[in-house]
Amino acid sequence: MVCIALSSPEGEALLEAPARALESFLKRTDAAVPPGTEHRHFDLDRELSHILAES
């Protein structure tokens, strides 16, 4: 079991997932978007600007 705790001023969350399922998901994610190629698939600056403009 893998547990990830997230915390912010707005609240907290505890995420739990079976280790094998998480490993499988991460391998598929890595194959779909290899490390270092994220910018080809997603414009983080544009998305963050959009999110922050909504606030």
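Some observations on this one:
- Listed residues ARG40, ARG20, ARG28, most fluctuating in the chain (Gaussian network, C-alpha, under 10 Å): ARG40
- Pairs of Cα atoms nearer than 8 Å and 6+ residues apart set the relative contact order; for the chain it is 22 percent.
- ARG20 versus ALA5: modelled label distance in nm, points set 7 Å from Cα along the beta carbon direction: 2.8
- Projecting the Cα atoms of LEU22, SER7, HIS39 onto the charge dipole of the chain (Cβ charges, centred on the Cα centre) puts LEU22 farthest toward the positive pole.
- Every helix of 4 or more DSSP H residues in the chain counts as -39500 (n - 2.57), and over all residues that averages to -15500 deg cm²/dmol at 222 nm.
Values quoted throughout were computed directly from the atomic coordinates according to the rules given, and no laboratory measurement underlies them. The shown structure was predicted, so the numbers you read here are calculated from the model rather than taken from an experiment. Virtual Cβ from ideal backbone geometry, glycine too; neighbours counted across all protein chains shown.
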